[in-house]
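To keep things clear, I will list the structure first and then write my remarks on it.
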Amino acid sequence: MLCAVERRELNLFDATMYVMGGIIGVGIFFNPASIAEKVPDATWFLALWALGGLIALAGAFTAAELGGSLPRSGGFYVFLHEAWGPFVAFLFAFVVLGVITTGACAVVARVCVDNVCALVPSLAGFERVLGAVLLAGVTLFAMLGAKAGAWLSNACMLLKLGAIGALIVGALVFFSPVTTAAPVVAHGEIHASALGAALLPIFFACGGWQQVCYLAGEVREPQRTVPRAITLGVVASVIVYLLVNWAYVRVLGVERIAGNPGFAREVATATLGSLGGKLLTAAMAVSALGITVVLIVTTPWMFVAMAREGLFFRRFADVHPKTGAPIPALAVLGVLCLFWWFWNEAGKLVEATVFAEWIFHGLIALGLLKLRRSRADLPRPFASPLYPLAPLLYLGIAIVIVAMNTPTSLQHATFASVEVLGLGALVYWPWRKLVGAAA
């Protein structure tokens, strides 16, 4: 027997760990190579990470105000529904639940499995089974409730921070760099197009803070806790990013990071010795597991929100009376994750739908601007500092990212995004009738 009562067991620490767990993933061990290749200058390289952090903070302030005003499970879906109505909110859920989050879980599970097999070579050859067990296992664990999910998420996050911290300390305290060469390029030789291209992976690396908004209904005093968790989590994650990239540059120099997919392993080995490579492999496995936990625990609450708004089957609005977990929603999400895992094309489609996702990020920023005018009655326990600077900056970045994903440069990706959005628009009215008939 299910019920509609949420338990509100998550405290500020749990919520902050969910924010950081959604941001700090395996990308920090890979993305700097492509960024340094585009901007092969240490000063610009680190400055861009700082700029990316400021922009992430602008997005965080935007979501924090909305999360405080609308502290209900469902996150971005709830914000879009309130600002733009059910059709836009449904399209967002269709893209995120159907492709982006579920596909991302399959992609990240692959990273976790590959690194586990690197640590335990005897498991090689069983990757398909291991990935399925991982996704199914995390889904089943999430059915124990948001608090149980928080324990696992917290453990992964703390282990991840420990490994990254060891890397930072080794590089900044114990490593003695040789005399560095002159910069590869002068500052003036870096073009604006290169800066823009380098910022894109930084934006993606700084994303994920919005996941905590999805389970706001499970957070104690969400009007205060959710905005604080988003702000603290983003600030802490940006600090970690700046320190670890500084460590990379100190050990290798930006010229040896550029285009080098194994740069993080070189840094780990140079700073921590023979165990450094194994520590890095373990850190990547734990990082991937942690992101999988965050996505699987938080995202099903969008199904709950849809059901409560009449856009999904009513049964999915309920949670388990003992664990507080949205069991039916978790089961559907788990099946979708397994589908993408076995289909093996998740990575391409997730990358292709980034264009569509950022359209909704822009609508979130516009939504805050709209609700400030049209819903002056909404409580605002957290007001975006220097309003409207944060939502305007967030909106501007969303426009830039969408503009850069045009048919001239990423034709296949852009068209795939349009196709997914078009499919969602086509099924919207038949779906509403089907759900209404089943109510």
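When 371, 336, 366 are checked against the criterion of being touching a Ser or Thr at 6+ places or on another chain (Cβ under 6 Å) and surrounded by fewer than 22 Cβ atoms within 10 Å (Cβ to Cβ), a single residue qualifies: 336. When segment 70-85 is filtered for residues that are assigned to a helix (DSSP H, G or I) and buried (at least 24 other Cβ atoms within 10 Å of the Cβ), the ones remaining, listed by number, are 76, 77, 78, 79, 80, 81.
Checked against (1) within 26 Å of residue 62 (Cβ to Cβ); (2) modelled with pLDDT of 90 or more, residue 400 meets all criteria but (2). Residues considered: 201, 222. Of these, the only one that is surrounded by fewer than 23 Cβ atoms within 10 Å (Cβ to Cβ), of a type outside the set (Ser, Thr, Tyr), within 19 Å of residue 22 (Cα to Cα) and modelled with pLDDT of 80 or more is 201. Restricting attention to segment 268-289, the residues that are farther than 29 Å from residue 134 by Cα, in contact (Cβ under 8 Å) with a residue 60 or more places away in the chain and of a type outside the set (S, T, N, Q) total 2.
Taking only segment 256-278 into account, find how many residues are in a helix (DSSP H, G or I), surrounded by fewer than 19 Cβ atoms within 10 Å (Cβ to Cβ) and out of contact with any Lys or Arg (no Cβ under 7 Å at 6 or more places or on another chain).
Going through segment 256-278 one residue at a time, the tally reaches 8.
Within the set 207, 137, 196, the sole residue that is of a type in the set (Gly, Ala, Ser) and either within 15 Å of residue 112 (Cβ to Cβ) or modelled with pLDDT of 90 or more (or both) turns out to be 137. Looking across segment 24-46, the residues that are of a type in the set (A, V, I, L, M, F, W, C) and within 15 Å of residue 197 (Cβ to Cβ) come down to 33, 35, 36, 39, 44, 45. Is there a residue being more than 16 Å from the chain's Cα centre (by Cα), surrounded by fewer than 21 Cβ atoms within 10 Å (Cβ to Cβ), among the aromatic types (Phe, Trp, Tyr) and assigned to a helix (DSSP H, G or I) anywhere in segment 48-63? No: zero hits. Between 360, 355, the distinction of being crowded, with 20+ Cβ neighbours inside 10 Å, closer than 17 Å to residue 78 by Cα and either at pLDDT 90 or above or within 21 Å of the chain's Cα centre (by Cα) (or both) belongs to 360 only.
Residue count for segment 408-439 satisfying the condition of being modelled with pLDDT under 70 and over 20 Å from residue 360 (Cβ atoms): 5. Screening residue 129 on (1) more than 22 Å from the chain's Cα centre (by Cα); (2) modelled with pLDDT under 95 shows it passes everything except condition (2). For segment 123-144, the tally of residues that are touching a residue at least 60 places away in the same chain (Cβ under 8 Å), part of a loop (DSSP other than H, G, I, E, B) and in contact with a helix residue (DSSP H, G or I) (Cβ under 8 Å, 6 or more places away or on another chain) stands at 1.
What number of residues within segment 363-403 satisfy the criterion of being basic (Lys, Arg) and in contact (Cβ under 8 Å) with a residue 40 or more places away in the chain? Qualifying residue count for the region: 3.
This table checks each residue for (1) under 30 Å from residue 9 (Cα atoms); (2) touching a strand residue (DSSP E or B) at 6+ places or on another chain (Cβ under 7 Å).
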| residue | (1), (2) |
| --- | --- |
| 225 | yes, yes |
| 240 | yes, no |
| 253 | no, no |
| 263 | no, no |
| 271 | no, no |
| 277 | no, no |
| 293 | yes, no |
| 299 | yes, no |
| 322 | yes, no |
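Evaluating residue 37 against the criteria (1) closer than 30 Å to residue 371 by Cβ; (2) surrounded by fewer than 23 Cβ atoms within 10 Å (Cβ to Cβ) leaves one unmet condition, (1).
Conditions (1) among the β-branched types (Val, Ile, Thr); (2) out of contact with any helix residue (DSSP H, G or I) (no Cβ under 9 Å at 6 or more places or on another chain); (3) within 30 Å of residue 387 (Cβ to Cβ); (4) modelled with pLDDT under 90, marked per residue:
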{"residue": "65", "(1), (2), (3), (4)": "no, no, yes, no"}
{"residue": "74", "(1), (2), (3), (4)": "no, no, yes, no"}
{"residue": "113", "(1), (2), (3), (4)": "yes, no, no, no"}
{"residue": "117", "(1), (2), (3), (4)": "no, no, no, no"}
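From 160, 147, grab the single residue that is within 18 Å of the chain's Cα centre (by Cα) and modelled with pLDDT under 95. When all the criteria are applied, what remains is 160.
Specify the residue that is surrounded by the fewest Cβ atoms within 10 Å (Cβ to Cβ); the eligible residues are those in segment 302-332 that are under 19 Å from residue 72 (Cβ atoms) and touching a Gly at 6+ places or on another chain (Cβ under 6 Å). Here the residue is 324.
The values are calculated or read from the model by the stated rules, or taken from the named source; none is laboratory data. Owing to the predicted nature of the structure, the values given are computational and were not obtained by experimental measurement. Note: ideal-geometry Cβ built from the backbone for every residue, glycine included; neighbour counts use all protein chains shown.
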